[in-house]
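Visitor: A single structure is presented below for examination.
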Amino acid sequence: MSYFLPHLPSGWHVDEAIKSEEDRVVVIRFGHDWDSQCMTMDETLHGVAEKVQNFAVIYLVDITDVPDFNKMYELYDPCTVMFFYRNKHIMIDLGTGNNNKINWAMDNKQELVDIIETVYRGASKGRGLVVSPKDYSTRYRY
């Protein structure tokens, strides 16, 4: 599914995508196209791209081809999704302790739409941290 979404081939392209978008949330998936978690996430992102096109734009970045942000954003997970609005990183409280990013593959399209919409509404009001509509702290049932 990753071939349906636009790829950013360099650090400059990533910076420009984040800086140039004024009205919409920039959703960037950092990872590898061949990774199974990223494939799942890409399929979900592709599925929601048309629904969120009015308030969000989605890009993919291969962290091997573009290693510029690996240390800055602590991209150590196989698949990471981050949100930016008007050149500002928007953090999201998912209940997992890591408020900077989503670092697992989501397969529920409606949940992802809800998260992106929550990020957009909070960011457009000037908030740097938004609270997820669902608590993911109990994602793993022990």
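The values are calculated or read from the model by the stated rules, or taken from the named source; none is laboratory data. Just so we're clear, the structure is a prediction, and the values are computed from it rather than from any experiment. Here the Cβ positions follow ideal geometry from the backbone for every residue, glycine too, while neighbour counts run over all protein chains shown.
Visitor: Run Glu111 past the list (1) free of Cβ contacts under 8 Å to residues at least 40 places away in the same chain; (2) within 15 Å of Ile28 (Cα to Cα); (3) assigned to a helix (DSSP H, G or I) and report the number of the one that doesn't hold.
Guide: Going through (1) free of Cβ contacts under 8 Å to residues at least 40 places away in the same chain; (2) within 15 Å of Ile28 (Cα to Cα); (3) assigned to a helix (DSSP H, G or I) one by one, Glu111 breaks only (2).
Visitor: Moving on to the next point. Checking the condition out of contact with any Cys (no Cβ under 7 Å at 6 or more places or on another chain), surrounded by fewer than 19 Cβ atoms within 10 Å (Cβ to Cβ), of a type in the set (D, E, K, R) and more than 16 Å from Asp15 (Cα to Cα), which residue from Lys101, Lys88, Lys125 passes? Steps first, please.
Guide: Numbers: Lys101 fails: surrounded by fewer than 19 Cβ atoms within 10 Å (Cβ to Cβ); Lys88 fails: more than 16 Å from Asp15 (Cα to Cα).
Step by step, each of Lys101, Lys88, Lys125 is checked, and only Lys125 is out of contact with any Cys (no Cβ under 7 Å at 6 or more places or on another chain), surrounded by fewer than 19 Cβ atoms within 10 Å (Cβ to Cβ), of a type in the set (D, E, K, R) and more than 16 Å from Asp15 (Cα to Cα).
Visitor: Another question, if that's okay. Does Asp135 meet the test of being free of Cβ contacts under 8 Å to residues at least 60 places away in the same chain, under 15 Å from Arg29 (Cβ atoms) and part of a loop (DSSP other than H, G, I, E, B)? Can you show your working first?
Guide: Details: free of Cβ contacts under 8 Å to residues at least 60 places away in the same chain: yes; under 15 Å from Arg29 (Cβ atoms): no; part of a loop (DSSP other than H, G, I, E, B): yes.
Taking the combined requirement at face value, the residue does not satisfy it.
Visitor: Might you let me know whether the range 44-53 holds any residue that is farther than 22 Å from Asp15 by Cβ and among the charged types (D, E, K, R)?
Guide: Yes, the range 44-53 contains at least one residue that is farther than 22 Å from Asp15 by Cβ and among the charged types (D, E, K, R).
Visitor: Same structure, new question: Would you please name the residue that is surrounded by the fewest Cβ atoms within 10 Å (Cβ to Cβ), looking only at residues in the range 64-84 that are aliphatic (A, V, I, L, M) and part of a loop (DSSP other than H, G, I, E, B)?
Guide: Per the stated criteria, the residue is Met72.
Visitor: Cβ-Cβ under 6 Å, sequence separation 6+ or interchain: first residue in the range 66-79 and within 13 Å of Asn98 (Cβ to Cβ), partner of a type outside the set (S, T, N, Q). Which pairs?
Guide: Leu75/Phe30; Leu75/Ile63
Visitor: Hey, among the residues in the range 9-56 that are farther than 19 Å from Asn103 by Cα and of a type in the set (Asp, Glu), which one's surrounded by the most Cβ atoms within 10 Å (Cβ to Cβ)?
Guide: Glu21
Visitor: Here is a follow-up. Have a look at Ile63, Ile58, Ile92, Ile102 and point out the one that is touching a helix residue (DSSP H, G or I) at 6+ places or on another chain (Cβ under 8 Å) and more than 21 Å from His7 (Cβ to Cβ). Full working, then the answer.
Guide: Details: Ile63 fails: more than 21 Å from His7 (Cβ to Cβ); Ile58 fails: more than 21 Å from His7 (Cβ to Cβ); Ile102 fails: more than 21 Å from His7 (Cβ to Cβ).
Answer to the selection: Ile92.
Visitor: In the range 107-116, which residue that is within 14 Å of the chain's Cα centre (by Cα) and surrounded by fewer than 18 Cβ atoms within 10 Å (Cβ to Cβ) is farthest from Ile18 (Cα to Cα)?
Guide: For the range 107-116, the residue satisfying everything is Asp107.
Visitor: Give Val61, Val52, Val57, Val48 a once-over and let me know the one that is assigned to a loop (DSSP other than H, G, I, E, B) and either of a type outside the set (Ser, Thr, Tyr) or at pLDDT 90 or above (or both).
Guide: On the way: Val61 fails: assigned to a loop (DSSP other than H, G, I, E, B); Val57 fails: assigned to a loop (DSSP other than H, G, I, E, B); Val48 fails: assigned to a loop (DSSP other than H, G, I, E, B).
Just one listed residue meets the conditions, Val52.
Visitor: Assuming Glu117 fulfils every condition listed in (1) free of Cβ contacts under 8 Å to residues at least 24 places away in the same chain; (2) farther than 25 Å from Asp15 by Cβ; (3) in a helix (DSSP H, G or I) apart from one, which condition is it?
Guide: The failed condition is (1).
Visitor: Among the numbered criteria (1) in contact with a helix residue (DSSP H, G or I) (Cβ under 8 Å, 6 or more places away or on another chain); (2) closer than 20 Å to Gly128 by Cα; (3) not aliphatic (A, V, I, L, M), which one does His32 miss?
Guide: If we test His32 against (1) in contact with a helix residue (DSSP H, G or I) (Cβ under 8 Å, 6 or more places away or on another chain); (2) closer than 20 Å to Gly128 by Cα; (3) not aliphatic (A, V, I, L, M), just (2) comes out false.
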